[in-house]
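Chemist: Dropping the structure in here first, questions after.
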Amino acid sequence: MVLSKGKGQLTKESQDMLILLATQTFRKKYWNYKDTDIRDDCFQTGLLHLFQNWKSFNPQKYDTCMPYFTEIFKRGLADGMNMHLGRKQFNKDIKIRMISIDSVNEGKGIYNI
């Protein structure tokens, strides 16, 4: 990780290590997910969090990076599950309205001007 931080991008070995860490961590939590689509989406969300946040690791502060990245991956799994359960709202300012085609434009239809 120190070499990757020095280069400013992940090396191939670092990428493989992060994927291996995610795979081994997810193996223990695999049975918590009943639906295979949700399981795969949560795994991909965890990987996304890993690859987005790898630069925030500080080698001066921590001796090993494994617990740090494991926690990032687990939080990514939780984030993926929250998205599937509808607990996470992305933009609260957007209000969704349902418009009926029959009642638009005083009942004359949507295409009448």
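The values are calculated or read from the model by the stated rules, or taken from the named source; none is laboratory data. Values in this document were obtained by computation on a predicted structure and should not be read as measured data. Glycine also receives a Cβ, built like all others from the backbone with ideal geometry; neighbour counts cover every protein chain displayed.
Chemist: Is at least one residue of segment 11-27 in contact (Cβ under 8 Å) with a residue 12 or more places away in the chain, among the small types (Gly, Ala, Ser), surrounded by 11 or more Cβ atoms within 10 Å (Cβ to Cβ) and under 14 Å from Asp79 (Cα atoms)?
Modeler: No, segment 11-27 contains no residue that is in contact (Cβ under 8 Å) with a residue 12 or more places away in the chain, among the small types (Gly, Ala, Ser), surrounded by 11 or more Cβ atoms within 10 Å (Cβ to Cβ) and under 14 Å from Asp79 (Cα atoms).
Chemist: With the requirement that a residue be without any contact (Cβ under 8 Å) to a residue 24 or more places away in the chain, loosely packed, with under 15 Cβ neighbours inside 10 Å and assigned to a helix (DSSP H, G or I), what does segment 51-71 give you?
Modeler: Gln52, Ser56, Pro67, Glu71
Chemist: Identify, by number, the condition in (1) at pLDDT 80 or above; (2) part of a helix (DSSP H, G or I) that Trp31 doesn't meet.
Modeler: Status for Trp31: all satisfied but (1).
Chemist: Out of Leu48, Leu10, Leu18, report the one residue that is in a loop (DSSP other than H, G, I, E, B) and under 28 Å from His84 (Cβ atoms).
Modeler: The unique qualifying residue is Leu10.
Chemist: Just to be sure I understand the filter: pairs with C-beta atoms under 9 Å, separated by 6 or more residues or on different chains, first member in segment 72-96 and modelled with pLDDT of 60 or more, second member of a type in the set (D, E, K, R) and not in a loop (DSSP other than H, G, I, E, B). Which pairs pass?
Modeler: That search, which allows pairs on different chains as well, returns Lys74/Lys29; Leu77/Lys29; Gly80/Asp41; Met81/Asp41; Met83/Asp41; His84/Asp37; His84/Asp41.
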